[in-house]
1. When only the heavy atoms of the protein chains count and the probe is 1.4 Å, how do Val92, Val63 rank by accessible area, highest first?
2. How would Thr90, Thr102 rank on accessible area, largest to smallest, probe 1.4 Å?
3. Run the numbers on the chain and let me know its relative contact order in percent, using alpha-carbon pairs under 8 Å that are six or more apart.
4. Report the one residue of Gly10, Ser25, Gln81 whose Cα lies farthest in the direction of the positive end of the charge dipole of the chain (charges on C-beta: Lys and Arg +1, Asp and Glu -1; origin at the Cα centre).
5. Please turn the phi angles of the stretch 41-49 into ³J(HN,Hα) values with the Karplus equation 6.51 cos²θ - 1.76 cosθ + 1.60 (θ = phi - 60°), one per residue in order, whole Hz, x for glycine and proline.
6. If you count only protein heavy atoms with a 1.4 Å probe, what accessible area per residue comes out for the stretch 1-104, rounded to a whole Å²?
7. Sorted by accessible area (1.4 Å probe), largest first, how do Asp72, Asp54, Asp89 line up?
8. Which whole-Hz couplings ³J(HN,Hα) result when phi for each residue of the stretch 98-108 is put into the Karplus expression 6.51 cos²θ - 1.76 cosθ + 1.60, θ = phi - 60°, listed in order with x for Gly and Pro?
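The values are calculated or read from the model by the stated rules, or taken from the named source; none is laboratory data. None of these values were measured; they are calculated from a predicted model. Heads up, the Cβs are rebuilt from the backbone with ideal geometry, glycines too, and the neighbour counts pull from every protein chain shown. The protein model used for the area step is the full one, side chains on, heavy atoms only, and it has no ligands, DNA or RNA in it. Shrake-Rupley method; radii C 1.70, N 1.55, O 1.52, S 1.80 Å.
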Amino acid sequence: QVQSVESGGGLVQAGGSLRLSCAASGSIFSGNAAGWYRQAPGNQRELIASISSDGRTNYVSSVKGRFTISKDNAKNTVYLQMNSLKPEDTAVYYCNVYPPWTQLWGQGTQVTVSS
């Protein structure tokens, strides 16, 4: 079964940085748009950043200017560089294609930002 595997989360102080990675089998991310999603406790999962197959990026306003999505097609890996982290960024972070495929959801990686 195809699944994405997220890594790189952790506990960080406000203002700090983390780099998330997401790998999937096959060439899923090279042929499709990819996205990073997050789900905070009590909230729905939301798309926060996306990158098209030709490298165009989009961000929600809450992370624009602080987060950067990128991908390495040769490694079939998508990254999320997160800078100037805030406590409200605390969530489980997931990657998937965009629009998401149900069968591709992984376990996610927990990001906790302390104040």
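1. Numbers: Val92 35, Val63 0 Å².
Result, largest first: Val92, Val63.
2. Working: Thr90 35, Thr102 115 Å².
Ranking Thr90, Thr102 by accessible area, largest first, yields Thr102, Thr90.
3. That works out to 38 percent.
4. Among Gly10, Ser25, Gln81, the one farthest towards the positive end of the dipole of the chain is Gln81.
5. Karplus values, whole Hz, x for Gly and Pro: x, x, 10, 7, 5, 10, 6, 10, 7.
6. Per residue, the stretch 1-104 has an accessible area of 51 Å².
7. Numbers: Asp72 50, Asp54 105, Asp89 0 Å².
Descending order: Asp54, Asp72, Asp89.
8. Once rounded to whole Hz, the list reads 10, x, x, 9, 4, 6, 9, 4, x, 7, x.
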